Amino acid sequence: MTVHQPRPDAASAPAIDAAATQGDGLGCHSGKQALREAAAAAGSSAMLEQFARDYPVGPHDKPQSMCPAFGSLRVGLRMRRTATVLSGSACCVYGLTFTSHFYGARRSVGYVPFNSETLVTGKLFEDIREAVFQLADPALYDTIVVTNLCVPSASGVPLRLLPKEINGVRIIGIDVPGFGVPTHAEAKDVLAGAMLSYARKEAEAGPVAAPRAGRPERPTVALLGEMFPADPVGIGMLLAPLGLAAGPVVPTREWRELYAALDCAVVAAIHPFYTASIREFEAAGRGIVGSGPVGVEGTAAWLAAIGAACGVPAALVGAAQNAILPAIGAALASRPIGGRITLSGYEGSELLVARLLVESGADLRYVGTACPRTPWSEPDRAWLEQRGVLVQFRATLEQDLAAMAEFQPDLAIGTTPVVQAAKQQGIPSLYFTNLISARPLFGPAGAGSLAQVVNAAMANKDRMAAMQRFFDGVGEGDSAGIWQDTPKHHPDFREKFARRAAKARAMAEEIP
Ligand code: SF4
């Protein structure tokens with residue numbers, strides 16, 4: 001059923017600058033600068049400035065991960081009673097929905113298509129508005145999340161003008177353009193931050209729903225960042241001797257958990273890049289503690305920091321440390337890791353994994369993360385650098401590969417292209433997202449959890465060398481494969497076209 005509501009005052013609604021996105025189909029292939037300029041022309045400079053403050057990109061400005069919007073999409077799809085609607089180019093939506101279902105979303109993704117006419121005339125916003133009214137059934141949903149992808153963001157489709165609530169269903173409109181949000185990890189923060197902001201204002205306005213299991217008796221520590229399901233339980237056991245409990249994990253799985261998260265005593269920024277979420281917690285008066293309880297030293301420091309933030313007496317903190325640290329030390333000692341490792345990823349937990357590897361005895365030389373350096377990653381950065389590990393924030397694929405080439409590791413842990421390059425060189429490798437970040441990291445359960453998979457992978461060195469010998473002679477790069485006539489490289493052609501392109505660019509710059 002379509003419910004018709006008064007439209008926002010057309011005079012007050014900023015014009016959609018669709019012309020700004022015309023040309024050769026703007027998307028991530030057409031360059032960030034063109035999209036940024038289009039967004040600025042469409043009146044979205046404030047949004048871009050906020051992104052630049054929250055997710056600083058320098059010095060590389062080229063982190064390479066999947067479409068950032070996948071991060072926020074995944075957060076919405078994991079929440080109960082939450083509908084998700086995308087507004088963007090069909091090819092982007094196809095890619096994002098494909099990936100969502102590949103990762104087991106089991107949930108429909110709404111889509112409001114557009115063409116140049118609906119974009120130019122502003123009808124796209126009206127279509128989105130109508131779709132949201134049709135979808136807003138309180139029997140089914142607590143929340144509807146509408147996400148502008150690159151082209152609607154660049155042309156300024158004003159999701160902020162959507163009603164904040166329809167029939168009791170909350171409406172949250174966010175822009176997650178690839179030219180403003182550098183990684184899919186940070187896109188999770190865009191939605192988590194928007195939800196926390198909404199929930200904080202609700203809580204300030206009056207009573208809100210209590211947690212499903214009732215309010216906890218002890219003060220809680222909200223856990224910021226997605227983690228292995230057993231980790232919050234393990235962290236809760238570490239906190240119990242301090243008189244504290246583990247609070248909800250943000251991003252949450254249910255709306256009412258947002259209130260419980262905001263109701264915490266302190267926030268543990270386990271993933272240190274959740275800048276927008278941290279801003280909301282700080283606005284609610286909550287303190288933030290970086291790092292996490294990894295290994296002996298990490299757990300000792302983290303318990304001390306949490307204790308200090310919550311006013312727990314030092315003697316109680318010391319007793320809690322003494323009770324748990326020997327068990328963690330014993331678990332690490334019983335499952336040591338030997339060998340040289342390089343590590344890279346884009347999840348945001350890379351530095352914590354790195355600490356665990358070092359405490360397990362690994363000769364770790366490099367850790368690269370696509371995420372930015374923040375105040376909450378400082379304890380881990382300092383600890384790793386003191387132990388001679390090269391830490392690279394906003395790492396590029398080229399830097400990850402250069403580290404592998406320089407350090408010649410026994411194991412390269414990394415993203416898909418790093419793993420692929422390692423295999424080609426006969427270096428054992430592990431995919432960070434599927435095989436490393438999907439394991440417990442914290443407390444006694446985390447200690448030693450990496451040893452089995454890491455040591456097994458390193459023991460594969462001979463098999464990797466045998467595979468390399470087996471595939472020897474099938475070519476590489478453009479000439480890889482079995483051919484009747486192996487493709488010939490023509491570097492002279494490439495040079496010729498590079499010269500022509502440079503000349504064309506120079507001429508274009510000369511024309512006023
Ligand atoms: S929405 Fe994602 S896939 Fe589409 S143009 Fe932007 S970054 Fe690329």
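Read the figures in this text as sums done on the coordinates, not as results from a lab. Here the structure is a predicted model, which means the values were calculated and not measured. As a convention, Cβ positions derive from the backbone with ideal geometry for all residues, glycine included, and neighbour counts pool all protein chains shown.
Tabulated values for the structure
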item	result
Positive dipole terminus of the chain, leading residue within Gly329, Pro113, Thr82 (C-beta point charges)	Gly329
FRET efficiency, Val233 to Ala315 (Cβ-Cβ, R0 22 Å, nearest 0.05)	0.25
Counting DSSP beta bridges with both ends in the chain, the antiparallel % (nearest 5)	5
Under-5 Å amide H pairs with Glu165, H placed in peptide plane, nonlocal only	Ile171
Amide H partners (placed H, <5 Å) of Tyr366, local residues excluded	Leu343, Leu390
Whether the stretch 209-317 is rounded, prolate or oblate, judged on the alpha carbon gyration tensor where a/c under 1.5 counts as rounded	rounded
Size of electric dipole in the stretch 18-182: Cβ of Lys, Arg +1 and of Asp, Glu -1, about Cα centre, debye, nearest 20	560
Selection of trypsin sites (Lys or Arg not before Pro), the stretch 472-512, meeting DSSP coil and at most 11 other Cβ within 10 Å	Lys488
Positive-pole candidate from Ile235, Pro56, Gly156, dipole of the chain, charges at beta carbon	Ile235
Kyte-Doolittle mean at least -0.5 and Cα axial length at least 27 Å: DSSP H helices in the chain	184-205, 314-334
The chain: C-alpha gyration tensor shape, a/c 1.5 cut-off, then a/b vs b/c	oblate
The stretch 105-208: antiparallel DSSP beta bridges as a percent of all, rounded to 5	25
Label-to-label distance, nm, for residues given as Lys123 and Val474 (7 Å Cα→Cβ offset)	5.1
Furthest towards positive pole of dipole, Ala315, Met195, Ile174, structure part the chain, Cβ charges	Ala315
Cα centroid separation - the stretch 162-209 against the stretch 454-501, whole Å	46
Percent antiparallel among DSSP beta bridges (both partners in the stretch 30-174, rounded to 5)	15
Charged-residue dipole, Cβ positions (Lys, Arg, Asp, Glu), the stretch 335-470 about Cα centre, Debye nearest 20	280
Gain on full stretching of the segment that runs from Asp492 to Glu165 - 0.36 nm per residue minus C-alpha separation	111.6 nm
Spatially close lysines, pair count over the chain: Cα under 18 Å, gap of eight or more or interchain	4
Computed helical MRE - 222 nm, the chain, DSSP H runs ≥ 4 contributing -39500 (n - 2.57), nearest 500	-13500 deg cm²/dmol
Packing-based exposure ordering (other Cβ within 10 Å, fewest first) of Val312, Val181	Val312, Val181
Student exercise, the chain dipole from Lys, Arg, Asp, Glu Cβ charges, in Debye to nearest 20	580
